[in-house]
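For reference, the structure is listed below as structure tokens.
Nothing in this text is a laboratory measurement; each read-out follows from the coordinates by a stated rule. Keep in mind that what you see is a predicted model, and the values were worked out from it rather than measured. Neighbour counts run over all protein chains shown; Cβ positions are idealised from the backbone, glycine included.
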Amino acid sequence: MERNLLVIGATGKTGRHTTELLLQRGHRVRALVRGLDGRAERLAALGADVVEGDVLDLDSLARATKGIDALYFTYPIRPGLLDATANVAQAAEETGVQAIVNMSQVSARRNTASNAARQHWVAERVLDHAPVPVTHIRPTFFAQWLIDTWADGTGELRLPFADGRHAPIAETDQAKVIAAILEDPAPHAGRIYPLYGAEELNHYDIAEKMSKALDREVTYVPIELDEFAAILRGRGAPEHLIQHLLAVAVDYRNGVFAGTNDLVKTIGGSDPLDVEGFIAHNRAAFDLHTA
């Protein structure tokens, strides 16, 4: 059945793939974007109803949600999440949205040291108290991290994760889950879904798999938090993000990001990509940063 669906953050990592997938399946998709750039133009060319707005502006959000059956809400790791969440809840109630899929994170909990992760936990509770059924998804680390870390061109993964483990999950696999819930939200109302990729690995394992897939030596170099903070500041990362990532690194070492399940397949309809599959799917991005 064709539905009227809204993707907030439609040019972002999961938002773009969700928008494209829903359009392929024949739905009417409104894409809320902060600016009409080339990414937005590409979504419009695919058939999306691209609208400019801001989740921190309740009026623009209310206009974007008008006539919408269900929406996907994602917000980057930056200040403003709780204001944005309250606006989404209010606009959805005002305009009769029937379901919300909310992007959270696997480390979201009340007692986390990360300001951002705690805000995600509070945001979940805000949406739980809204009169609109909501489904929270809590992914582990995105596989996109492999591209971001590879981008320095050194062949080293310099990360403060010790020998902790996780199952990297691709944005495309998350999009399959998000799209399936938006298409039929009732069975998922009130649920919290942790999402994982195909295989739980430590970063020594990940480096080995990357080496084989890229036919180039990749080495994992465990580092301490102060060096990681210096790397992030050298890249121009804002302090809100740095505070989050340092706390996340400790969580990672303590097993918070570990785990596997079959939700990508049972909800999204196909097995998640493994590391080799993710690299093959995104080979152009890796080749771009290969010396």
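Helix-only estimate, please: 222 nm mean residue ellipticity of the chain, summing -39500 (n - 2.57) across DSSP H runs of length 4 or more and dividing by its residues, to the nearest 500.
Numbers: 13 runs with 134 residues, N = 291.
The per-residue figure over the chain is -13500 deg cm²/dmol.
Under 13 Å from the Cβ of LEU61, count the other residues' Cβ atoms, weight Lys and Arg +1, Asp and Glu -1, and hand me the total. Present the calculation step by step, with values, prior to reporting the outcome.
Working: positive: ARG30, ARG34, ARG63, LYS66; negative: GLU52, ASP54, ASP57, ASP59, ASP83, GLU93, GLU94.
Within the 13 Å Cβ shell, the charges total -3.
Within a Cβ distance under 15 Å of THR260, other residues only, what is the Lys/Arg minus Asp/Glu net charge?
Details: positive: ARG138, ARG165, LYS265; negative: ASP173, GLU199, GLU200, ASP205, ASP262, ASP271, ASP274.
For residues surrounding THR260, the net value is -4.
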FRET efficiency for ARG253 and GLU94, using Cβ-Cβ distance with R0 set to 35 Å, rounded to 0.05: 0.20
Rg/Rh for the chain, where both radii come from Cα atoms and Rh is the Kirkwood radius: 0.96
In nm, spacing of pseudo-spin labels at ASP59 and ALA44 (7 Å Cα→C-beta vector): 2.3
Loop trypsin sites (Lys or Arg not before Pro), segment 212-291, which have at most 13 other Cβ atoms in a 10 Å radius of their Cβ (DSSP): ARG216, ARG235
Residue-span extension gain [ASP184 to ALA280] - 0.36 nm each, minus C-alpha spacing: 31.5 nm
13 Å beta-carbon shell around ALA91, net charge (K/R +1, D/E -1): -3
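Of the chain, which part is the longest with no GluC sites (Glu not before Pro) in a loop (DSSP not H, G, I, E, B) and with at most 14 other C-beta atoms within 10 angstrom? Please list the in-between numbers first.
Numbers: sites that count: GLU2, GLU217, GLU224.
No qualifying site falls inside 3-216, the longest such stretch.
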Between 0 and 90°, nearest 10: helix 171-183 axis offset from the chain longest Cα axis: 20
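Which trypsin sites (Lys or Arg not before Pro) does segment 71-139 hold that lie in a coil by DSSP with at most 11 other beta carbons within 10 Å? Display every interim value, and only then the final one.
Numbers: sites: ARG109, ARG110, ARG118, ARG125; in loops: ARG109, ARG110.
Here the sparse-neighbourhood loop sites are ARG110.
Extension gain HIS129-ASP152, at 0.36 nm per residue separation less the Cα-Cα distance, in nm?
Numbers: separation 23, 0.36 × 23 = 8.28 nm, distance 4.34 nm.
Gain on extension, HIS129 to ASP152, equals 3.9 nm.
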Cβ-derived FRET efficiency at R0 51 Å, MET1 paired with ALA230, nearest 0.05: 0.45
